[in-house]
Amino acid sequence: MNRFDYSRAASVAEAVAAAARPGAAYLAAGTNLLDLMKGAVVTPGHLVDITRLPGLDRIEPSGDGGVRIGALVRNSDLAHDRDFARAYPAVAEALLSGASAQLRNAATVGGNLMQRTRCPYFYDTASPCNKRTPGAGCAAIGGATRLHAVAGWSEHCIATHPSDFCVPLAALDAIVEIEGPGGARTVPLADFHLLPGDTPERESVLAPGELIVALRLPPEAAGFSAHARYLKVRDRTSYAFAVVSAAAMLRLDGGRIADGRLALGGLALKPWRVKAAEAALMGRAPGPEVFKEAAEAALAEAKPSGEANAFKVELARRIVVRALTLAAAGTPERLPALPASPFAASSFAPGAAHG
Amino acid sequence: MSIPLRLTVNGEPRDLILEDPRVTLLDALRERLHLTGSKKGCDRGQCGACTVLVDGRRINACLALAVSLDGAEITTIEGLAARDGGLHPVQAAFIAHDGFQCGFCTPGQIMSAVGLIREGQAGDDPERIREGMSGNLCRCGAYAGILEAVRDASSDMQREEAA
Amino acid sequence: MAEIAQDMTTRRVRHGSSIGQPLTRSEGPLKVTGQARFAADNLPPGTLHAALCVATIARGRVTHLDVAAAEAHPGVVAVMTPDNAPKLAQHPDEKTNPFCFRLDLLQDSAVRYANQPVAVVIARTLEAATEGARLLAPAYETEAPRIGLDAADPFTPPAIGVGQPPEEHHGDVEAGLSAAQSRIAATYETAAQYHNAMEPHAAVASWEGDRLTLHMPSQGMAIAQGRLAGLFGIRPQDIHIESPFLGGGFGSKGLIGGPQVLACMAARLVGRPVKLVATRPQMYGPMGHRAPTRQTLRLGTDADGRLTALDHHVLTASSTFDDFFEPSGGVSHTLYASPAISVRHEAVRLDTGTPLFMRAPGEASGSVALESAVDEMAIACGVDPLEFRLRNYAEVEPISGKPFSSKALRDCYAQGAERFGWAGRSKEPRQTRDADGLLVGWGMGTATFPALMFEAQARAEIRADGTGTVEIGAQDMGQGAWTALAQIAADGLGLDLDRLTFRMGSSDLPNAGIAGGSGHTATAGGAIHAAGQAVIGKLADLATNDPASPLYGAGNAGVIARDGRLIRRDDAERSERFEDILARAGHGAVEATGKASADPAAKQTYAMHAHGAVFAEVKVDPDLGQVRVTRLVGAFAAGRVINPRLVTSQYYGGMIWGVSFALHEHAAMDPRTGRFLNDNLGEYHVPVNADTPAMEAILVHEEDAHVNALGIKGVGEIGITGTAGAIANAVWHATGIRVREIPITLDRLLG
């Protein structure tokens, strides 16, 4: 790791002031930041420790009937909060499908939003990357692209966003509360992450020195609790990033879909909310044909960024159908033993009988 | 720069003066406090060999700055057995079920298991234990024994707590 | 620390024979309390930390290192580069014996693979050393690297594996194929794999004049001593290596790694102890790997499903600068009867580190291809895969015609199939779904691994107080040497374990050879057994020649040792305690040495292999392609079992490696740069706990009077073989899709 100055902020105002220095970065749990610093992918000159900021570790009702989650709430605490998990089961399932229990115990809600892509060329400082060095070029293009984007990419960057948590959040119209040198503001999560376009180095709408202080879910987000799932296809059963994932949520009324939400992970550099697919669901009776239509609509604009990732388009269609099917079947009583896994429903529990 | 900090490690206050804030909790334990039970298998939060309890919760010690944890309570593998040397139920179960081979990942596995049992999410459901222990790689492939050890210790500890 | 108390209080020992008992590990209490001291856990007073600076290119040379920037970093003590590295007595590229591999020890500015060490930074703290290494920011002259099996022209290497011939033929394969009723031809690819032992290579080195003390995980301390002695121009006996525990080896610690030698050089440069631990990415390059392979198999059968020909062609790779060729075709020599067998190996040279031994080198990669091809052949001729293997059962070793020293493979097939329920398998693929709609498939494979013996020595002592000591420079990398070898030692001395002091894991002890090739228990155990026999022989001499002994006149061969006594073989009532024999003779102790090595006559006469049968069940999501192995049953016959608990763990571990081989492991490189894309444990996948199926290992009874004195065949590697193929075959059975590119990933199963 490069040498850096360290300071611990006692208040949001103090943090924001400290972070005004060039080369400063906020340190929460550090599960992604320290990893990046060890690889010299980022080399901040000043870390502003925000872990002791008061009041940012609460899950509380927001004034409008929704919920407000402090940015320092740990991923595992949020997922295991009974009321939260009951109201937003797909969010809990997504959280618990990410990383490992140790990392979830440390990583914060704000940090999860801020995590960087897992593109190996971004991580490899010997490879050119427009995110790390604007204008350097993108080594991923023409390289090994099996897990790269099939939506929203540009000729400058084909990386994907790795978060599971953000996928259902995008579908639920989550709002990000931000404080910064210019004061406080809010941004819809769907607009928080930026697609690469011509400026892949800009990953979110945060201005220098701005800090995520909370996330809010609007009141209607709880309306999907009976039919909400997150499904994640992985190269191993656990402790792996998504190849493709989907959050599907339905509000049923009289056997018809009164409201449907759908977002995909692993497709683009931001959680990929697909409103066209949601529209295709509206007012229809849930069933395979409708779900297929939604899947077609969801992937209509998709385009592989490399030969090796072409399969992800078809895989994404299929995961949409499956996730909607699972959501329609109803949120399980208890979070599955293997959250978000295609094997979650498996009645077989391996390991029950070793010889 | 010299940075003083105090950690309570295995119940004992330990004062440290770091010459630089880059020191991770893992390197503070291993290289400064000479508690080498916690292992460095990847240094990037990808293997779990460094798992310790911080304020009762299992985390990867390699991805935490020691300075950020000033004042925290740390439990490492060295602090798990009773003061008279009697093994913790998880430690005993790992031996009984041959839940390790080379032993390098073992301190992390055991601390993770203790954390998992305390979290109370898995009970003795094998599938939940497997998932809950998936942050700890074992290249020797002792997973079957690890699962059985955790199941066993989990019921032991629950019985103890009930008693 | 090279001694572990044989605390028997918690181990439910049965007195009498220790061999065969399922004892828990004697080193278990140390390992579960964090007290087992691995190499990197040592920090002698005054130790400095060293960090490697490694090449970011795969081919070319270093033109500049910013030494000033590194030196300017607070805490940096020295920067070791080709300009100031201590001169070595021997060029690191000089090969003095076939077990000697070329090392990168800063001999020049050339870069021959990515992650090759190009400098070492030594500092007061680990943080300073690590950052100093980064600040060196090497500049290069870069050449286009050759990466991938198609990047260079194939040639036939002079030898593969360890001195094996690259081509072997028996009968006329082309004639056999043309005469065949059914034929298949298929090409399988296996990926490059890295050992990824949980413990990265480490070394803590300190010099006292020309004497070197080294804490270093080693599967072969004497070999490392020899290599270091040559490089530094010192005597092997002046090199003291401590290796009581290895955090996994799997072949990667069989030979000293370049970075470990660099630690010794750095310690010499700064005149202080130096600790150097490779980072996880730095393990991808200088420490060996399993080379990728492309294997083409052609099989033919007659109308009864009996093989008429087996042709196995292997294309693999070595580095540009050294020779190790994955001997994948070996399995086709020994497993299935065929009137015609042809095995050929070719290779290309690539800009990678040199491949090396990795758990079941050759057998693992060859087995997945052969077992897949056999499955395809069985299907092509409409025969059940198990029945097909039985019809082609080799009664003698196919390539040599030698009888097997023992072979209980039929029992393995029968017991494994019974336990698994193989008889209920549907013939056609994609027929079975579970209650949740997942596709279910069953597959099987035959496991095989040669029974190898190397050379080892041991020393044994029995003292007048009735206790004994056995010493051997053996190595525990998790297989359980601390426990199993002590069991052999106890039986050899006729002592209960709690009367035995057992020492190992230090180069100061008698040379136990290499912990590899699944031969360590047989070899080190053989030496221990021989030392025990020798010391008991001396004790027996004393007793049987002493008129005051109840054993007087029994003759040396007429007594056995048990429970701390010598007992007349023909009259158990007549016996005497060790203490009494030694007291009367006025000796404080008797001691003797013993050694073991392969018996050339037995090798000449017999083919010696362990065998097994592995049955796998997988579930595959029919739409999403994700695979999970849900059940594995392996039945293995490997001669005598010293400790069934530890042997079962070895089989489980091997079978999980089979899962890993079939579904996960794949070192990805960018062919444009030769750089790794997943040189980390996050993206180089090995199975996690949730990937582990329900497993059963059946220890099939097998006695072998020829293989070695103890009848042990070895169990460390066989579990991978058979398993990977069984899983690939099960995936076919589940989906109807035959994936010939290993590992099998979900994108290939989307249909």
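Accessible area per residue of the stretch A:245-334 at 1.4 Å probe, in Å²?
41
What's the FRET efficiency of C:A152 with A:D5 using the Cβ-Cβ distance as r and R₀ = 45 Å, to the nearest 0.05?
Working: r = 50 Å, r/R0 = 1.11.
It comes to 0.35.
Just the number: Rg to Rh for chain C, Cα atoms, Kirkwood Rh, two decimals.
Here Rg/Rh amounts to 0.99.
Can you list the residues of the stretch C:673-687 whose accessible area drops by at least 30 Å² going from the chain on its own to the full set of protein chains, with a 1.4 Å probe?
With the partner chains in place, the stretch C:673-687 has these residues losing at least 30 Å²: C:R675, C:L677, C:L681, C:G682, C:E683, C:H685, C:V686.
What number comes out for accessible area per residue over chain B if the probe is 1.4 Å? Units Å², please.
30
What distance in nm separates the two pseudo spin-label positions at B:A162 and A:A126, each 7 Å out from Cα along the beta-carbon direction?
5.7
For the stretch A:224-329, give the magnitude of the charge dipole about the Cα centre (Cβ charges: +1 Lys/Arg, -1 Asp/Glu; no others), in debye to the nearest 20. Provide the component values of the computation, followed by the final result.
Working: 17 positive and 10 negative charges, 58 e Å.
In debye, rounded to 20, the stretch A:224-329 gives about 280.
Given q = 0.13, 0.18, 0.22, 0.29 Å⁻¹, what are the Debye log10 I(q)/I(0) values for the stretch C:566-620, with equal point scatterers placed on the Cα positions and solvent ignored?
For the requested q values the scattering log ratios are -0.74, -0.84, -0.94, -1.15.
Of B:C42, B:L137, B:L16, which is farthest on the positive side of the dipole of chain B, counting Cα position, with +1 on Lys and Arg Cβ, -1 on Asp and Glu Cβ, and the Cα centre as origin?
Ranked along the dipole, the leading option is B:C42.
In a shell of Cβ-Cβ distance under 11 Å around C:D546, excluding C:D546 itself, what net charge do Lys and Arg (+1) and Asp and Glu (-1) give?
In short, -2.
How much net charge surrounds C:A266 when only other residues with a Cβ under 13 Å from its Cβ are counted (Lys, Arg +1; Asp, Glu -1)?
Residues near C:A266 contribute +3 overall.
Taking 4 °C and 1.567 mPa s as the conditions, I'd like the Stokes-Einstein D for the stretch C:463-602 in µm²/s, using the Kirkwood hydrodynamic radius from alpha carbon pairs.
Approximately 83 µm²/s, per Stokes-Einstein.
Percent of accessible area on the stretch A:222-355 owned by carbon and sulfur, 1.4 Å probe? Walk me through the numbers before you get to the answer.
On the way: 2530 of 4770 Å².
Ligands and nucleic acids excluded, carbon and sulfur reach 53 percent.
For the protein assembly as shown, what proportion of DSSP beta bridges, expressed in % and rounded to the nearest 5, is antiparallel?
Percentage antiparallel, nearest 5: 80.
Can you tell me the relative contact order of the stretch B:89-162? Whole percent, Cα pairs under 8 Å, sequence separation 6 or more.
Averaging sequence separation for qualifying contacts and normalising by length gives 47 percent for the stretch B:89-162.
Quick one: work out the % antiparallel among DSSP beta bridges in chain C, nearest 5.
Expressed as a percentage, antiparallel bridges in chain C total about 75.
In percent, what relative contact order does the stretch A:5-52 have, based on Cα pairs under 8 Å that are 6 or more apart in sequence?
55
What dipole magnitude, in Debye to the nearest 20, does the protein assembly as shown give about its Cα centre under +1 on Lys/Arg Cβ and -1 on Asp/Glu Cβ? Present the calculation step by step, with values, prior to reporting the outcome.
Values: 120 positive and 140 negative charges, 160 e Å.
The calculated dipole for the protein assembly as shown is roughly 760 debye.
Roughly speaking, to the nearest percent, how much of the stretch C:466-539's 1.4 Å accessible area is carbon and sulfur?
Carbon and sulfur: 46 percent of the exposed surface of the stretch C:466-539.
Give the aspartates and glutamates reachable from C:K603 as a straight Cα distance under 19 Å; neighbours fewer than 8 places away on the same chain don't count.
C:E168, C:E395, C:E397, C:E455, C:E702, C:E703, C:D704
Stretch A:S225-A:T186 to full length: gain in nm at 0.36 nm per residue minus the Cα-Cα span? Working shown, then result.
On the way: separation 39, 0.36 × 39 = 14.04 nm, distance 2.48 nm.
Fully extending the segment from A:S225 to A:T186 adds 11.6 nm.
Which positions within the stretch B:55-89 get 10 Å² or more of their accessible surface covered by the other protein chains, compared to the chain by itself, with a 1.4 angstrom probe?
Relative to the lone chain, where solvent access is computed with a 1.4 Å probe, the stretch B:55-89 loses at least 10 Å² at B:R57, B:R58, B:I59, B:N60, B:L63, B:L65, B:V67, B:S68, B:D70, B:I77, B:E78, B:L87.
Toward the positive end of the charge dipole of chain A, about the Cα centre and with charges on Cβ (Lys, Arg +1; Asp, Glu -1), which of A:V67, A:Y26, A:I158 goes farthest?
Sorting the options by dipole projection puts first A:I158.
What distance in nm lies between label points placed 7 Å from Cα along the C-beta direction at A:E155 and A:R82?
5.8
Which value results for Rg/Rh of the stretch A:5-52 when Rg is the Cα radius of gyration and Rh the Kirkwood radius based on the inverse mean 1/r? Mind dumping the intermediate values first?
Details: Rg = 10.4 Å, Rh = 10.7 Å.
Rg/Rh: 0.97.
Can you give the local net charge around C:S206? Use residues other than it whose beta-carbon is closer than 14 angstrom to its beta-carbon, Lys and Arg +1, Asp and Glu -1.
Taking every other residue near C:S206 into account, the sum is 0.
Over its Cα atoms, what ratio of radius of gyration to 2.2 N^0.38 Å does the stretch A:294-347 give?
Against the empirical 2.2 N^0.38 Å value, I get 1.38 for the stretch A:294-347.
Could you sort C:356-362, C:560-566 so that the peptide with the highest average Cβ count within 10 Å comes first and the rest follow in order?
On the way: C:356-362: 26.3, C:560-566: 19.6.
Those peptides, ordered most packed to least, come out C:356-362, C:560-566.
Mean separation of Cα pairs under 8 Å and 6+ residues apart, divided by the residue count of chain C: what relative contact order is that in percent?
Working: 2032 pairs, mean separation 125.1, N = 751.
The value is 17 percent.
Determine, from the Cβ-Cβ distance of C:V162 and C:K87 and an R0 of 30 Å, the FRET efficiency 1/(1 + (r/R0)^6), rounded to the nearest 0.05.
It comes out at approximately 0.45.
Summing both sides, how much accessible area is buried between B and C? Use a 1.4 Å probe and give Å² to the nearest 100.
Rounded to the nearest hundred, the buried surface is 4200 Å².
Taking every residue in B:117-129, how many Cβ atoms of other protein chains lie within 10 Å of its Cβ, on average?
4
To two decimal places, what compactness ratio does the protein assembly as shown give when its Cα radius of gyration is scaled by 2.2 N^0.38 Å? List each step's numbers first, then the result.
Details: Rg = 30.8 Å, N = 1269, 2.2 N^0.38 = 33.2 Å.
That works out to 0.93 for the protein assembly as shown.
When ranked by the protection proxy of mean other Cβ atoms within 10 Å per residue, highest first, what sequence do the peptides A:294-306, C:170-182 form?
A:294-306, C:170-182
Kirkwood Rh over alpha-carbon pairs of the stretch B:3-79, then Stokes-Einstein at 10 °C and 1.306 mPa s: what D in µm² s⁻¹, rounded to an integer?
Working: Rh = 12.0 Å.
So the translational diffusion coefficient is about 132 µm²/s.
Which pairs in the list C:K538/C:K713; A:K131/C:K619; A:K38/C:K31; C:K402/C:K427; C:K87/C:K275; A:K232/B:K40 are over 32 Å apart, alpha-carbon to alpha-carbon?
Checking Cα-Cα distances, A:K131/C:K619; C:K402/C:K427 exceed 32 Å.
Residues of chain C: accessible area per residue at 1.4 Å, in Å²?
For chain C, the solvent-accessible area averages 31 Å² per residue.
With a 1.4 Å probe, what is the total accessible area buried between chains C and A, in Å² rounded to the nearest 100?
3700
Taking all protein chains as present, what is the carbon and sulfur share of the accessible area of the stretch C:703-751, in % to the nearest whole number, probe 1.4 Å? Working shown, then result.
Details: 530 of 1210 Å².
In the stretch C:703-751, the share of accessible area belonging to carbon and sulfur is 43 percent.
Using a simple charge model, +1 on the beta-carbon of Lys and Arg, -1 on the beta-carbon of Asp and Glu, nothing else, what dipole does chain C show about its Cα centre, in debye to the nearest 20?
520
For peptide A:26-32, what's the mean number of Cβ atoms from other chains within 10 Å of each residue's Cβ?
Average neighbour count from other chains, rounded to a whole number: 4.
Residues of C:691-702, mean number of Cβ from any other protein chain within 10 Å of their own Cβ, rounded to a whole number?
5
What FRET efficiency, computed as 1/(1 + (r/R0)^6) with R0 = 22 Å and r the Cβ-Cβ distance, is obtained for B:D55 and A:E14, rounded to the nearest 0.05?
After rounding to 0.05, the efficiency reads 0.40.
Trypsin sites (Lys or Arg not before Pro) within the stretch A:41-72: which are DSSP loop residues with at most 12 other Cβ atoms inside 10 Å?
Sites meeting the loop and neighbour criteria: A:R58.
From largest to smallest, what semi-axes in whole angstrom does chain B give when each is the square root of 5 times an eigenvalue of its alpha carbon gyration tensor?
28, 17, 13
Taking 0.36 nm per intervening residue step and subtracting the Cα-Cα distance, what contour gain separates A:A329 from A:D259 on full extension?
Using 0.36 nm per residue and subtracting the Cα-Cα distance, I get 23.7 nm.
Arrange the peptides C:667-677, C:441-451 so that the one whose residues have, on average, the most other Cβ atoms within 10 Å appears first. Working shown, then result.
Numbers: C:667-677: 21.5, C:441-451: 27.6.
Top to bottom by mean Cβ count within 10 Å: C:441-451, C:667-677.
The values are calculated or read from the model by the stated rules, or taken from the named source; none is laboratory data. Keep in mind the model is a prediction, meaning the values are calculated, not measured. So basically every Cβ, Gly included, is an ideal-geometry build from the backbone, and we count neighbours across all protein chains shown. Remember, those area values only see protein heavy atoms, side chains included, never the ligands or the DNA or RNA. Shrake-Rupley method; radii C 1.70, N 1.55, O 1.52, S 1.80 Å.
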